[in-house]
Amino acid sequence: FNPKADTQKWEKEFYNAMVHLEFMPNSPTLMNAGRELQQLSACFVLPVGDSIDSIFDTVKNAALIHKSGGGTGFSFSGIRPKNDRVSTSHGLSSGPISFMKVFNEATEAINQGGFRRGANMAILNYDHPDIVEFITCKTDHKQLNNFNISVGITEEFMRRVERNEDYDLINPRTKQPQGRLNARKVFDLIVNTAWASGEPGVVFIDRLNKSNPTPDIGTIESTNPCGEQPLLPFESCNLGSINLGKMIDKTVTKPAIDWEKLRRAIYTAVRFLDNVIEANNYLLPDIERMTKGNRKIGLGLMGWADLLVQLGIPYNSEEALRLAEEVMKFISLESRRASQLLAEERGAFPNFKKSIFYNRPGAPLMRNATTTTIAPTGTISIIAGASGGIEPLFAVCFTRNVLDGEKLVEVHPIFERIAKQQGWYSEELMKNIASHNSIQKMTEIPEDVRRVFVTAHDVLPEWHIKMQSAFQKYTDNAVSKTVNFPNSATRNDIVKVYFEAYHFGCKGVTIYRDGCRSEQVLIIEKKKSEEPAKSRDSRVAPFSTPPRPRPELTWGSTRKIKTGCGNLYVTINYDQNNKPFELFSTMGKAGGCAASQSEAISRLISFALRSGAAIKEIISQLKGISCHSVAWGKNGRILSCADAISRALEYCIEPPSHLIKQIAETPSTSTEISIPKDSGTKRAILQKGACPDCGGILSYEEGCVVCHVCAYSECG
């Protein structure tokens with residue numbers, strides 16, 4: 001630090017930028033600054049070696065990071081495959097997936113500083129001998145719930161997919177080939193598994209290294225949990241976002257971007273983030289050495305959809321794509337100039353002479369090896385009242401639950417202002433909009449307004465990839481984004497998006513299909529008039545046959561599940577055909593509301609089972625119900641007693657069959673990869689159960705999960 005620096009000037013600049021909601025740093029900076037911990041970075045990548053000592057050292061280091069509010073990324077590609085030789089013990093290796101489970105359980109035990117849970121990224125390269133097991137390791141939704149997983153692929157792999165060619169699997173211990181797989185079959189498996197469960201994502205690991213600014217320092221093997229921040233082993237990065245919705249020139253008649261205001265915000269943000277590197281408290285000497293050696297920062301944005309609305313530009317338009325490139329190019333150039341000015345004042349980053357910048361003729365010094373990242377803005381965008389990252393509007397109006405069950409309709413402020421100015425605002429209309437996914441068919445709203453206020457439900461998947469690509473073109477690191485599909489999406493729809501990501505220059509892609517996970521809940525409350533018409537017979541009991549009588553003797557088992565109200569003991573008995581026949585549940589303590597509720601639920605479930613109801617349907621009705629008290633245990637996150645009972649019932653269903661043998665024996669699902677024509681598929685807002693803090697809506701956005709009711713975020 002320079003003791004003669006005018007700190008009061010910059011203190012005022014930083015304060016004004018945040019208090020006017022023009023710039024926000026990542027959550028750990030907001031929440032740890034000034035505290036004893038003082039750990040201010042969001043993103044970390046830790047190396048995982050091929051030894052017990054290395055693996056468990058990394059487990060310990062990851063636990064320290066999670067406790068401080070950071071997220072961690074790992075590559076497990078260096079671990080020898082399952083059943084490989086272990087010379088020290090003369091035994092056989094258990095493989096990378098077994099050790100991922102160790103990391104997952106360690107994460108489960110750590111509560112991140114009291115403000116967010118641990119999050120991990122696991123990457124395994126496509127040529128690892130255990131790649132098939134990795135691709136399918138999360139088809140059982142009870143496994144590895146603290147991990148996002150992505151397959152590390154290359155452009156060469158995609159070319160082999162196009163040509164339907166085989167490739168070698170490489171043992172990381174011997175560096176020698178160990179079998180071959182067909183690229184088309186592996187790609188089909190990725191598509192099928194992602195279609196069924198939302199994972200794995202794919203990361204173009206070679207593209208990450210093509211933009212590695214310090215290749216002589218190390219190779220990029222992994223990213224942070226949401227995929228937007230590639231890092232070297234032991235490297236960390238602090239992020240921040242400018243609120244584009246605040247960058248409007250109000251001195252002109254027609255709304256326009258205030259480029260000078262945006263420039264000032266960029267220069268302030270770059271200095272702020274560079275200062276964070278110095279003010280940070282580093283948990284490990286190796287992290288401090290790598291972070292200060294490269295001084296990477298990741299300046300991104302939020303409020304993109306808000307900016308488009310104010311400019312009268314639809315999100316899903318060529319005009320929006322052109323503006324995206326223009327805005328991101330401006331942010332990239334100005335952030336680099338700001339970094340150059342800091343280098344003149346403070347010096348270049350220590351590894352500058354080992355960087356790609358050093359050998360460029362006439363290249364100026366750089367203070368930071370990277371300056372731009374498009375990161376999730378779940379928490380900070382809600383604090384700023386801005387749309388998330390580069391996503392479209394979440395909704396024009398939505399309902400927020402407040403005290404005593406009262407519902408409050410929240411309206412996008414710009415939409416509300418236009419409605420009042422043009423004279424068609426009414427509370428009844430706003431409530432009506434809140435019960436719909438989109439306003440595009442509401443003729444009571446002027447067409448020019450509907451054209452601009454595009455919500456997530458109106459955006460086709462290919463527009464998400466086009467938007468991601470437009471921003472990636474001028475982003476040093478990567479772009480965090482999820483391409484969401486409706487439940488009706490086909491596997492070919494997903495194939496199309498993967499190939500568009502490949503051809504458009506994206507560094508990775510994550511998809512999610514509505515309803516592919518059983519813990520999903522709905523967001524839009526349908527009006528009674530929108531419900532399917534009921535037949536006269538619908539007024540009778542839903543079961544066509546009376547319940548079977550209970551025999552004198554049944555057999556079963558009891559499972560103990562930890563809930564927020566105490567231990568719940570769930571007993572499931574079976575009939576002579578080994579089918580679930582009845583269910584009993586009791587709380588650890590007798591009496592009370594919880595005990596009576598669990599008894600009532602059990603009686604109804606038993607009645608349903610004996611009347612022939614499908615167990616999967618019963619599970620779907622119970623799973624995801626939340627109460628005020630959430631519990632964490634070996635069964636994962638338990639939202640309520642009803643949710644716990646659904647978990648017990650899941651054990652009655654045979655787990656999904658493993659696909660390892662299938663991929664070797666089954667021919668590819670297609671003989672020729674083709675990118676289908678536009679199927680008219682629309683994106684839906686997708687949910688991931690109930691918020692653990694407030695019980696509200698959780699949606700997949702920006703490669704993350706966020707609650708729009710209370711600002712909870714898995715990523716910060």
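The values are calculated or read from the model by the stated rules, or taken from the named source; none is laboratory data. None of these values were measured; they are calculated from a predicted model. Here Cβ is always computed from backbone atoms with ideal geometry, including for glycine, and neighbour counts include all displayed protein chains. Keep in mind that these areas ignore ligands, DNA and RNA; they rest on the heavy atoms of the full protein, side chains included. Shrake-Rupley method; radii C 1.70, N 1.55, O 1.52, S 1.80 Å.
Numerical summary
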item	result
Residues satisfying the stated conditions in segment 70-105, i.e. at pLDDT below 95 and closer than 21 Å to Tyr282 by Cα	Gly70, Gly71
Residue in segment 42-63 that is in a loop (DSSP other than H, G, I, E, B), in contact with a Lys or Arg (Cβ under 9 Å, 6 or more places away or on another chain) and buried (at least 18 other Cβ atoms within 10 Å of the Cβ) present	no
Failed criterion for Ala419 (all others in (1) at pLDDT 95 or above; (2) open to solvent by 20 Å² or more (accessible area, probe 1.4 Å) hold)	(2)
Which listed residue, of Lys466, Lys507, is in contact with a Pro (Cβ under 8 Å, 6 or more places away or on another chain), open to solvent by less than 70 Å² (accessible area, probe 1.4 Å) and at pLDDT 95 or above	Lys507
Residue in segment 291-298 that is without any contact (Cβ under 8 Å) to a residue 12 or more places away in the chain and open to solvent by 10 Å² or more (accessible area, probe 1.4 Å) present	no
Only listed residue being closer than 22 Å to Ser339 by Cα, touching a Leu at 6+ places or on another chain (Cβ under 9 Å) and not in a strand (DSSP E or B), chosen from Ile266, Ile242, Ile220	Ile266
Any hit, segment 6-25, residues being under 27 Å from the mean Cα position of the chain (by Cα) and small (Gly, Ala, Ser)	no
Test: residue in segment 327-342 that is open to solvent by 10 Å² or more (accessible area, probe 1.4 Å), assigned to a loop (DSSP other than H, G, I, E, B) and not hydroxyl-bearing (Ser, Thr, Tyr)	no
Within segment 181-221, considering residues that are over 27 Å from the mean Cα position of the chain (by Cα) and either of a type in the set (A, V, I, L, M, F, W, C) or modelled with pLDDT under 95 (or both), the one nearest to Ile131 (Cα to Cα)	Leu181
Yes/no for Ile65 being aliphatic (A, V, I, L, M), modelled with pLDDT under 95 and in contact with a His (Cβ under 7 Å, 6 or more places away or on another chain)	no
Among residues of segment 145-164, those that are open to solvent by 10 Å² or more (accessible area, probe 1.4 Å) and either in contact with a Pro (Cβ under 9 Å, 6 or more places away or on another chain) or part of a helix (DSSP H, G or I) (or both), counted	7
Single condition Leu604 does not satisfy, out of (1) part of a strand (DSSP E or B); (2) out of contact with any Leu (no Cβ under 6 Å at 6 or more places or on another chain); (3) at pLDDT 85 or above	(1)
Tally, over segment 116-136, of residues that are part of a strand (DSSP E or B), of a type in the set (A, V, I, L, M) and under 25 Å from Val630 (Cβ atoms)	2
Of the criteria (1) open to solvent by 40 Å² or more (accessible area, probe 1.4 Å); (2) touching a helix residue (DSSP H, G or I) at 6+ places or on another chain (Cβ under 7 Å); (3) part of a strand (DSSP E or B); (4) of a type outside the set (A, V, I, L, M), which one Gly179 fails	(2)
Hey, Thr139 assigned to a loop (DSSP other than H, G, I, E, B) and of a type in the set (Ser, Thr, Tyr) or not	yes
Failed item in (1) open to solvent by less than 30 Å² (accessible area, probe 1.4 Å); (2) at pLDDT 95 or above; (3) more than 19 Å from Asn209 (Cα to Cα); (4) part of a helix (DSSP H, G or I), with Tyr315 passing the rest	(4)
Residue count, segment 558-576 (criterion: farther than 20 Å from Gly624 by Cβ and open to solvent by 70 Å² or more (accessible area, probe 1.4 Å))	4
Scope segment 434-455; condition aliphatic (A, V, I, L, M) and either in contact with a Lys or Arg (Cβ under 6 Å, 6 or more places away or on another chain) or outside any helix (DSSP H, G or I) (or both); matching residues	Ile439, Met442, Ile445, Val454
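Rundown of residues vs (1) farther than 28 Å from Val706 by Cα; (2) touching a residue at least 60 places away in the same chain (Cβ under 8 Å); (3) small (Gly, Ala, Ser); (4) open to solvent by less than 40 Å² (accessible area, probe 1.4 Å), yes/no style:
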position: Asn351; (1), (2), (3), (4): yes, yes, no, yes
position: Asn368; (1), (2), (3), (4): yes, yes, no, yes
position: Thr379; (1), (2), (3), (4): no, yes, no, yes
position: Thr399; (1), (2), (3), (4): no, yes, no, no
position: Tyr425; (1), (2), (3), (4): yes, no, no, no
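Per-residue answers, yes or no, for (1) under 25 Å from Phe352 (Cβ atoms); (2) surrounded by fewer than 20 Cβ atoms within 10 Å (Cβ to Cβ); (3) charged (D, E, K, R):
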| site | (1), (2), (3) |
| --- | --- |
| Val203 | no, no, no |
| Asp206 | yes, yes, yes |
| Asn209 | yes, yes, no |
| Gly218 | yes, yes, no |
| Ser222 | yes, no, no |
| Pro225 | no, no, no |
| Pro230 | yes, no, no |
| Ser236 | yes, no, no |
| Leu239 | yes, no, no |
